[in-house]
Amino acid sequence: MALFGTNGVRGIANKELTPEIALDLARSLGTLLRERKGAAPKIIIGSDTRISGQMLQNAAVSGLLSCGAAVTDIGIVPTPALQYYIKQHPDADAGIVITASHNPREYNGIKMIAGDGIEFSKDDEKAIEAIYFSKKFYTADWSETGCLLRDENCNEEYIAGILEATDRKAIEKRLFKVVTDTGNGAGSLTLPDLMSRLGCRVLSIGAQPDGKFPWRNPEPLPEALTEMSAVIRHSNADLGIAHDGDADRAVFMDENGDFIDEEVMLAAIEKYVLQKEKGPVVTTVATSRRFTDIAEDAQVQIYYTPVGSVDVGRKMAEVNAVYGGEGNGGMIFARHQTCRDGAMAAAVVLEFLAKSGMKASELKKTVPDYCNEKTKIKLQNSDAGKAMAEISEKMVRDKKEIGYQSAETIDGLKLHFKNGWLLIRPSGTEPIIRIAAEAKSKEEAEKYVKIGRKYVEEAK
Ligand code: MG
């Protein structure tokens, strides 16, 4: 059984994800770090606004203390704020965030951060998992049980770090009017404050931390942001910014209250970053070709990873990349920190608008145009791995008939056509196969999806 999904351990609180699991997972982490360090580790812990957060966090703290760890509780913080805190405090060996990110309100999760501020690698997760299932935990002598400290300065340090990393003066001059929708999540404690300290006039909605999420679902989908759109239009604002529950992602609306495609934003900011600093960029195989085109224009190296921000972050550190991310509002700026950072993304978007003099609605003109189509198919025999092997074999065999130029298997099967691509990928958590395609026209993208559907239907 695999405990970790794409992004930590997730489940419905107190049903799938219990205090017992939190306790043993924390003991597993404490044991691993104790072994590696040969001494008591120092671990930072925080949570998002979910009401089950305290229950799980207290269980995790107990587990860490029983391993003799020194624990610092930094309270309710965005995930990137905890990651930044670890980076700023080199004596910290790891971190735990109690968060289910964008998942619905009944969920919670446990995300573990390594000593470099990036999520643990898959190998480290496996090592933690092995200890978890073996139940061979390190147990400190009574005289060496750990101590718990509190530090309430994390969010302030995080905001100060972003202010230092952005061109404040340029942003202040534009006197932007900004609408924020932090959806009662952890970003409620940072985004409105950051915006106002960047000299913006701020209208904030959903800015009371509330783990019942009365305002909207934690996932910032366009259909969940109709209020933000209305407020932008009625107040003549320049930009709308929304976070997911733990504020590592940011999505945007333009001055007309129209949602800006996350792929467009990812690529537009890539172009802006590469104008300032040349260096490698990293993204996943599911990202739009816009990202590739811009890297090629700038003549920088591009690296692809499996889907998931952890792989992107780890690869960025490995190849010393300047920028990376995924087309879901997750942007990573290496000069600040090598993890997804919603508030940093918001600050950079404002900096870009300030320096270019552009309106947010003009941003899409700066990147190439592509059309995307996607679908997912539920499997009947529920073994995604087996179905995927069959699909891959047949599609490689039928290369001429399908008419693609090359294939790659970084994550699932990706077929490159002259003017687009088709990606077929098993879900990591459900018996589902996802099909995504991109092309210069909607018809062409639909055609690729149809090809994919045919092969998946045959194998399901
Ligand atoms: Mg998130």
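The values are calculated or read from the model by the stated rules, or taken from the named source; none is laboratory data. Worth saying up front: this structure is predicted, and the values here are computed from it rather than measured. Every residue, glycine among them, receives a Cβ derived from its backbone with ideal geometry; neighbour counts consider all protein chains shown. Accessible surface areas use protein heavy atoms only, side chains included; no ligands, DNA or RNA. Shrake-Rupley method; radii C 1.70, N 1.55, O 1.52, S 1.80 Å.
Structure summary
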read-out: The one condition in (1) in contact with a helix residue (DSSP H, G or I) (Cβ under 7 Å, 6 or more places away or on another chain); (2) basic (Lys, Arg); (3) farther than 30 Å from residue 212 by Cα that residue 136 fails to fulfil; value: (1)
read-out: Hits in the range 313-347 - residues which are more than 13 Å from the ligand (Cβ to nearest atom), closer than 17 Å to residue 252 by Cβ and open to solvent by 10 Å² or more (accessible area, probe 1.4 Å); value: 327
read-out: Check on residue 251, surrounded by 19 or more Cβ atoms within 10 Å (Cβ to Cβ), within 16 Å of the ligand (Cβ to nearest atom) and not in a loop (DSSP other than H, G, I, E, B); value: yes
read-out: Residue within the range 356-376 that is in a loop (DSSP other than H, G, I, E, B), closer than 25 Å to residue 256 by Cβ, of a type in the set (Ser, Thr, Tyr) and away from the ligand (no atom under 16 Å from the Cβ) present; value: yes
read-out: Scope the range 422-444; condition open to solvent by less than 10 Å² (accessible area, probe 1.4 Å) and among the hydrophobic types (A, V, I, L, M, F, W, C); matching residues; value: 422, 423, 424, 433, 435, 437, 439
read-out: Residue in the range 284-296 that is farther than 27 Å from residue 253 by Cβ, assigned to a helix (DSSP H, G or I) and more than 22 Å from the chain's Cα centre (by Cα) present; value: yes
read-out: Any chance residue 294 is surrounded by 22 or more Cβ atoms within 10 Å (Cβ to Cβ) and closer than 23 Å to residue 418 by Cβ; value: yes
read-out: Some residue of the range 220-235 being modelled with pLDDT of 95 or more, buried (at least 24 other Cβ atoms within 10 Å of the Cβ), under 18 Å from residue 347 (Cβ atoms) and touching a helix residue (DSSP H, G or I) at 6+ places or on another chain (Cβ under 6 Å); value: no
read-out: Residue within the range 120-129 that is closer than 27 Å to residue 212 by Cβ, open to solvent by 10 Å² or more (accessible area, probe 1.4 Å) and more than 16 Å from the ligand (Cβ to nearest atom) present; value: no
read-out: 2 or more residues more than 17 Å from residue 33 (Cα to Cα): qualifying strands (runs of 3 or more DSSP E) within the range 69-149; value: 70-76, 107-114
read-out: Some residue of the range 259-278 being on the phi < 0 side of the Ramachandran plot, assigned to a loop (DSSP other than H, G, I, E, B) and free of Cβ contacts under 8 Å to residues at least 60 places away in the same chain; value: yes
read-out: Cross-chain or 6+ apart pairs with Cβ under 9 Å, the range 304-323 first and closer than 15 Å to residue 114 by Cα, then of a type in the set (Lys, Arg) and modelled with pLDDT under 95; value: 310/122; 311/122; 314/122
read-out: Filter result (open to solvent by 30 Å² or more (accessible area, probe 1.4 Å) and over 14 Å from residue 24 (Cα atoms)) within the range 130-142; value: 141, 142
read-out: First in the range 227-245 and of a type in the set (S, T, N, Q), second anywhere and in a loop (DSSP other than H, G, I, E, B), Cβ under 7 Å, 6 or more apart; value: 229/257
read-out: Residue in the range 194-212 that is within 16 Å of the ligand (Cβ to nearest atom), open to solvent by 10 Å² or more (accessible area, probe 1.4 Å) and in a helix (DSSP H, G or I) present; value: no
